[in-house]
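Asks: Got a structure for you, written out below as structure tokens; questions coming shortly.
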Amino acid sequence: MPVALITGGSRGLGLALARSLAADGWSLVLDARGADALESARAELEAITSSGAAVIAVAGDVADADHRAALAGAVHDLGPLDLLVNNASILGPSPLPPLAQYPLGELFRVLEVNAVAPLALIQLVLPDLAAAHGRILNISSDAAVEGYEGWGGYGSSKAALDQLTRVLAAERPDLRVYTVDPGDMRTEMHQEAFPGEDISDRPLPDESVPALRQLIDGDLPSGRYRASDLAVGARP
């Protein structure tokens, strides 16, 4: 049975995708910083996946090298890795500050979690991905390509992730390497970006899952995709 590692798997898009994969009998390794929420997600997913599929939860911070090593070890014990989803990320300061006042220590943290940690995890699990001719799915944002006020820290980290993905795709033609912009979603992070505002008009993360499944299950070439485009014909 196929194996996936999903970071940030206790809520939002990560959990929505994990539910979809679990329903199809995938074995899953999940991480998140909150141990209680992660254990709740693990129990839910274990109840809906098929007999024989594993659901392993490893709580911790993707920016921590020991935690990444634990994730890689859990994956290796399950066998070849079919899918890595780098979904875990942080917004940075809220309310979003302009770059002229952006705390540089916070910027280092955002870049570390959103760009450096995904690459570090990729490096660790590449042998298991290569064994399965697997896929990497890095979750990006329109803030990586648009100049929105206040989004300089988060947007620059996702732009870095986009470029790392492009180069890795060129270097590893044996793998499918994607970035995907899921669009606006009704998530806790999105609420943090707009404190006090009503974001109930944003779509739930579940609505982006079919687009992600096109990348996971289909035959699209490596590249950057938007979920809204995948819904109407999959244009990179």
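The values are calculated or read from the model by the stated rules, or taken from the named source; none is laboratory data. What you are looking at is a predicted structure, and each value in this text was computed from that prediction instead of being measured. All Cβ positions, glycine included, derive from the backbone under ideal geometry; neighbour counts span all protein chains shown.
Asks: What are the residues in segment 99-116 that are surrounded by fewer than 17 Cβ atoms within 10 Å (Cβ to Cβ) and outside any helix (DSSP H, G or I), if any?
Replies: Listed by number, the list holds a single entry, PRO103.
Asks: With in a loop (DSSP other than H, G, I, E, B), surrounded by fewer than 16 Cβ atoms within 10 Å (Cβ to Cβ) and touching a residue at least 24 places away in the same chain (Cβ under 8 Å) as the only criterion, which of PRO95, PRO80 stands out?
Replies: PRO95
Asks: Please count how many residues of segment 132-153 are hydrophobic (A, V, I, L, M, F, W, C), part of a loop (DSSP other than H, G, I, E, B) and at pLDDT 95 or above.
Replies: Filtering segment 132-153 down to residues hydrophobic (A, V, I, L, M, F, W, C) leaves 132, 136-137, 139, 143-145, 151.
Now drop any that are not part of a loop (DSSP other than H, G, I, E, B), which leaves 132, 145, 151.
Next cut, at pLDDT 95 or above only: 145.
Number satisfying all stated conditions: 1.
Asks: Go through segment 11-70 and give me each residue that's assigned to a helix (DSSP H, G or I), within 16 Å of the chain's Cα centre (by Cα) and of a type in the set (Lys, Arg).
Replies: Across segment 11-70, the qualifying residues are ARG19, ARG68.
Asks: Any idea which of (1) surrounded by fewer than 16 Cβ atoms within 10 Å (Cβ to Cβ); (2) out of contact with any helix residue (DSSP H, G or I) (no Cβ under 8 Å at 6 or more places or on another chain); (3) within 23 Å of LEU168 (Cα to Cα) is the one SER51 doesn't satisfy?
Replies: For SER51, the exception is condition (3).
Asks: Answer yes if at least one residue in segment 87-95 is among the hydrophobic types (A, V, I, L, M, F, W, C) and under 23 Å from ASP24 (Cα atoms), and no otherwise. Talk me through it step by step, then tell me what you get.
Replies: In the first step, residues of segment 87-95 are kept if they are among the hydrophobic types (A, V, I, L, M, F, W, C); the result is 88, 90-91.
Checking the rest, the ones that are also under 23 Å from ASP24 (Cα atoms) come to 88.
Within segment 87-95, one or more residues are among the hydrophobic types (A, V, I, L, M, F, W, C) and under 23 Å from ASP24 (Cα atoms).
Asks: Run down ASP174, ASP162 and say which single residue is touching a strand residue (DSSP E or B) at 6+ places or on another chain (Cβ under 7 Å), outside any strand (DSSP E or B) and at pLDDT 95 or above. Outline the logic, then answer.
Replies: Details: ASP174 fails: touching a strand residue (DSSP E or B) at 6+ places or on another chain (Cβ under 7 Å).
Going through ASP174, ASP162 in turn, just one is touching a strand residue (DSSP E or B) at 6+ places or on another chain (Cβ under 7 Å), outside any strand (DSSP E or B) and at pLDDT 95 or above: ASP162.
Asks: Something else about it: Name the one entry in LEU129, LEU119 that is in a helix (DSSP H, G or I) and surrounded by fewer than 21 Cβ atoms within 10 Å (Cβ to Cβ).
Replies: Being in a helix (DSSP H, G or I) and surrounded by fewer than 21 Cβ atoms within 10 Å (Cβ to Cβ) holds for just one of LEU129, LEU119, which is LEU119.
Asks: Here's a follow-up. Kindly establish whether SER40 is at pLDDT below 95, out of contact with any His (no Cβ under 6 Å at 6 or more places or on another chain) and surrounded by fewer than 19 Cβ atoms within 10 Å (Cβ to Cβ).
Replies: no
Asks: Working only within segment 132-149, note down all residues that are surrounded by fewer than 19 Cβ atoms within 10 Å (Cβ to Cβ) and under 20 Å from LEU99 (Cα atoms).
Replies: Hits for segment 132-149 are ASP142, VAL145, GLU146, GLY147, TYR148, GLU149.
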